[in-house]
Amino acid sequence: IQRPPKSFVHEKQPLTIEEFNHLIAALTEKQEWQKIAYLKFTLETGCRRAESAQLLKDIVNAEPVIKTREIKHEDGTVEQQEIKFYTTHTIRCKGRGTVGKVRKFRFGQDTMDAIVKWLEVRGEDDCPYMFVTKYKGEIKQVGENTFNSWSNSVFEPIIGRRCHPHQFRESRATNLVVYEKKSAEVAQKLLGHNDVSTTKNHYIIRNDDLDESDEAFI
């Protein structure tokens, strides 16, 4: 029996920080405030499409959580650093069973500013969700395909290459570990994976130029 042909799998290419900043700048010029809020929230939290769609606009009333931590420098000095973030309501995530697992996501002030801007432009309506679409004159919660459409028709032409919603999740993990030098365990917790091997094998995409195996030839 002839084997069926394998389906084509796209190479994983996370967005660089420069590409993301270029995307935000272009959308700001076009005043696409909802798309900017979606991008910043999704990239910072590492949300999937279904998770981003559940965000409620009441999050704009959330009080910030402020913490301090000590940073020890090589010269022995200690610096107090303030951390400020917001926490979402409970969001249903991918997981076993009909309910899946539930999580709360954290994001910073820059994302909150984008959310506030979008709601100011959006104005008053009865839909409780943050990301919405207009259908037959009625404001409704977006479906996952809306995020696909934004990626294909709006984001791709700006960055000049393929773009899809799950790519932001990969981008967040890769930027954390490869460029910000955080541990894979930090990325694992942010993405909500049960096993760090899932994060390492599927979400942290290392460029060949940064491959640690190069050390074997030095």
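The values are calculated or read from the model by the stated rules, or taken from the named source; none is laboratory data. Nothing here was measured: the structure is a model prediction, and the numbers come from that model. Backbone-built Cβ (ideal geometry, glycine too); neighbour counts: all protein chains shown. Ligands, DNA and RNA are excluded from the accessible area calculation, which covers all protein heavy atoms including side chains. Shrake-Rupley method; radii C 1.70, N 1.55, O 1.52, S 1.80 Å.
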The stretch 11-52 scanned against label point 7 Å out from residue 179 along Cα→C-beta; backbone N under 12 Å for 14-23
Taking every alpha carbon pair in the stretch 21-145 and sorting the distances into 10 angstrom bins from 0 up to the bin holding the longest one, the percent per bin comes out as 11, 37, 30, 15, 5, 1, 0
In the stretch 17-89, the GluC sites (Glu not before Pro) that sit in a DSSP loop and have at most 15 other Cβ atoms within 10 Å of their own Cβ are 74
Here the averaged projected area of the stretch 127-196, based on the convex hull of its alpha-carbon atoms and given in nm², is 6.7
Probe 1.4 Å, all chains present, heavy atoms only: residue 93 accessible area in Å², nearest 10, is 10
Cβ-Cβ cut-off under 13 Å around residue 80, Lys and Arg +1, Asp and Glu -1: the net charge is 0
Length gained if residue 197 through residue 149 is fully extended, taking 0.36 nm per residue and subtracting the Cα-Cα distance, is 14.2 nm
Plugging the Cβ-Cβ distance of residue 50 and residue 73 into 1/(1 + (r/R0)^6) at R0 = 41 Å yields, to the nearest 0.05, a FRET efficiency of 0.45
Violations at 27 Å Cα threshold for listed pairs 40/72; 35/72; 101/134; 67/94; 30/140 -> 40/72; 35/72; 101/134; 67/94
The alpha-carbon center of the stretch 144-186 and that of the stretch 14-47 are separated, in whole Å, by 9
From highest to lowest solvent-accessible area (probe 1.4 Å; ligands, DNA and RNA excluded), 49, 122 read 49, 122
Pseudo-spin-label distance residue 13 to residue 138, built 7 Å along Cα→Cβ, given in nm, is 4.1
